[in-house]
Amino acid sequence: MPKIKLTSFGATEQVTGSCHLLEIDNFKLLIDCGLFQGQWENYLKNWEPLGFDAKDVDAVILTHAHLDHCGRLPLLTQNGFKGKVYATKPTMDIVEIILNDNQRILAQKAHKNNLPPIYSQEDVIKLKKLWQGLDYYQEIKLANDISFTFHNAGHILGAAIAEIRAGDKTIVFSGDLGAVDMPLVKDVDYLSKADFVIMESTYGDRLHEMVEVREKKLLDAVQNATLNNATLLISIFAVERTQNILKVLNDFYESHLDFRTPVYLDSPLAARATKIYKQHLSLLNDEAQEDMKHDRDIFDFPHLKITTQVAESKTINHSPTPKIIMAGSGMAEGGRLIHHLAHYISDPRNQVLFMGFQVPGTLGHKLTHGAFDFDYYDKHIKIKATVDKIDGFSAHADQDDLYKWATSFGKQTQIMLVHGNPEAMVAFAEKLQPQFDKNVKILKDEINVLCQ
């Protein structure tokens, strides 16, 4: 029996910074290396040492391309990591654009706060040389008696569950699990056997809106902006949320050809991510595959305008109403959304829509929790527009989805919760207790001995 230890260096009793070191005898395997986000004190953790020696890590498994799972990967190469980084092929493609964009944003934040750069573009380039792209269900041998397989996590394009086999033990890392019945990605794979499951719990205490509700809420906002000759500003995450919204709008505009309100996709990152989705259409769900039989491009429709240059972005503010603007970032922590908020949020006719979970401490969280104003280049901008949130487009599984996935494992499985706020983790742990008796644990920043 192998000796197995697990130490988490992020996403313990919080949502961001996923980073877990699995030691199997003398083999060191890192699962994810994500960015800390949210309140500034939490964000500052990105400047702290990793907590382990990157040179000692033999391999890295990356579950998916969101920043809170991939955002500190370049620190590994900066600190001497020479092994392979395993990810699905779509994840590799998306991470490349995410990290390039994030390096620029981190450099700006570092300069603004008199901090050293976290990592350089050269570190990102070095990392790229270590990638190994995999397909789902492809077994990879890492060492004697150590192997792993990716399964579909149903979260975003390319997102994976990592099933790791070490001797006679099976350790499963859920990564982030997806909601069911999403517009694009296939539903999550259910596994049945594992000794240990390290599982996310972001929405462990909440349920999403029904499919019909989320789409109606979005399209009602679109039509209200038109009726009120106003602006609808949608805060987008570049990956998955953007493409889901484009798919819903595509279906609406293609079936309502007399509807002419322009939609501006004002996010170069989201535009590049959408191109990657078009390169991996075979991974989309049956509904999307069926739609593609009679619609050549399910992400493009009449009156959609994609703006990539800064000058183009600025001209949107001078275009007549009604209009719909989709801009990043998803939690209003930067990007083009900020100058659009400053321009439109003081008009009571307008509406701002956030699409999914907002980490405490972010501007998105403040706006969706009743803020009266926000600072924009030392100016106080009054909030008079309607601010709302749609959780139904969240790429995360809600409590019911998480419970269904967890309970596909046997009662003897040890469930170890990560990636959630404390209240969500406690609520979900309590919900799981009757099914797993005492085999449910909320992980902390400490060494967990799985097998001795």
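Are there any trypsin sites (Lys or Arg not before Pro) in the range 1-61 that are in a DSSP loop and have at most 11 other Cβ atoms within 10 Å? List them by number.
none
Please give the length that would be gained between residue 349 and residue 384 if that part of the chain were fully extended, namely 0.36 nm times their separation in residues minus their C-alpha to C-alpha distance (nm, one decimal).
Working it through step by step, the gained length comes to 11.8 nm.
If you place +1 on the Cβ of every Lys and Arg, -1 on the Cβ of every Asp and Glu, and leave all else neutral, what size is the dipole of the range 235-360 about its Cα centre, to the nearest 20 Debye?
The dipole of the range 235-360 has a size of about 480 debye.
Could you work out the relative contact order of the range 73-132, using alpha carbon pairs under 8 angstrom and six or more residues apart, expressed as a whole percent?
59
Can you list which of the chymotrypsin sites (Phe, Trp or Tyr not before Pro) found in the range 147-216 are DSSP loop residues with at most 15 other C-beta atoms within 10 Å?
190
I need to check one value: relative contact order of the chain, counting alpha carbon pairs closer than 8 Å and at least 6 residues apart, in percent.
For the chain, the relative contact order is 20 percent.
For the charge dipole of the range 211-389, defined by +1 on Lys and Arg C-beta atoms and -1 on Asp and Glu C-beta atoms about the Cα centroid, which residue among 211, 355, 282 has the Cα displaced farthest towards the positive pole?
Among 211, 355, 282, the one farthest towards the positive end of the dipole of the range 211-389 is 355.
For the range 83-132 and the range 166-198, what is the separation of their C-alpha centers, rounded to whole Å?
That distance is 26 Å.
Using unit Cβ charges (K, R positive; D, E negative) and no other charged atoms, how large, in debye to the nearest 20, is the dipole of the chain about its Cα centre?
About 1000 debye.
What is the order of 282, 18, 313, fewest Cβ neighbours within 10 Å to most?
282, 313, 18
What ranking of 68, 25, 286 emerges when the number of other C-beta atoms within 10 Å of each C-beta is taken as an exposure proxy, fewest first?
With the sparsest Cβ surroundings first, the list reads 286, 25, 68.
Pull out a ≥ b ≥ c, the square roots of the eigenvalues of the alpha-carbon gyration tensor of the chain, then state rounded if a/c is under 1.5, prolate if not and a/b is larger than b/c, and oblate in the remaining case.
prolate
Exactly which chymotrypsin sites (Phe, Trp or Tyr not before Pro) in the range 367-443 are in a DSSP loop and have at most 11 other Cβ atoms within 10 Å?
When the chymotrypsin sites (Phe, Trp or Tyr not before Pro) of the range 367-443 are filtered for loop state and at most 11 Cβ neighbours within 10 Å, 372, 377 remain.
Considering Cα pairs under 8 angstrom that are at least six residues apart, work out the relative contact order of the range 211-389 and quote it in whole percent.
Across the range 211-389, relative contact order equals 30 percent.
Could you point to the residue in 415, 226, 322 farthest towards the positive end of the chain's charge dipole, with +1 and -1 charges on the Cβ of Lys/Arg and Asp/Glu respectively?
Working it through, the farthest residue towards the positive pole turns out to be 322.
From the square roots a ≥ b ≥ c of the eigenvalues of the alpha-carbon gyration tensor of the range 45-114, which class results: rounded (a/c under 1.5), prolate (a/b over b/c), or oblate?
Note, shape of the range 45-114 comes out oblate.
Among all helices in the chain defined by DSSP H, which have a length of 15 Å or more along the axis from Cα atoms plus a Kyte-Doolittle mean of at least -0.5?
Within the chain the helices that satisfy the rule are 89-112, 211-227, 268-279, 422-436.
No value in this document is a laboratory result; all are computed from the given coordinates. This structure is a prediction, so every number in the text was calculated from the model and none was measured. As a convention, Cβ positions derive from the backbone with ideal geometry for all residues, glycine included, and neighbour counts pool all protein chains shown.
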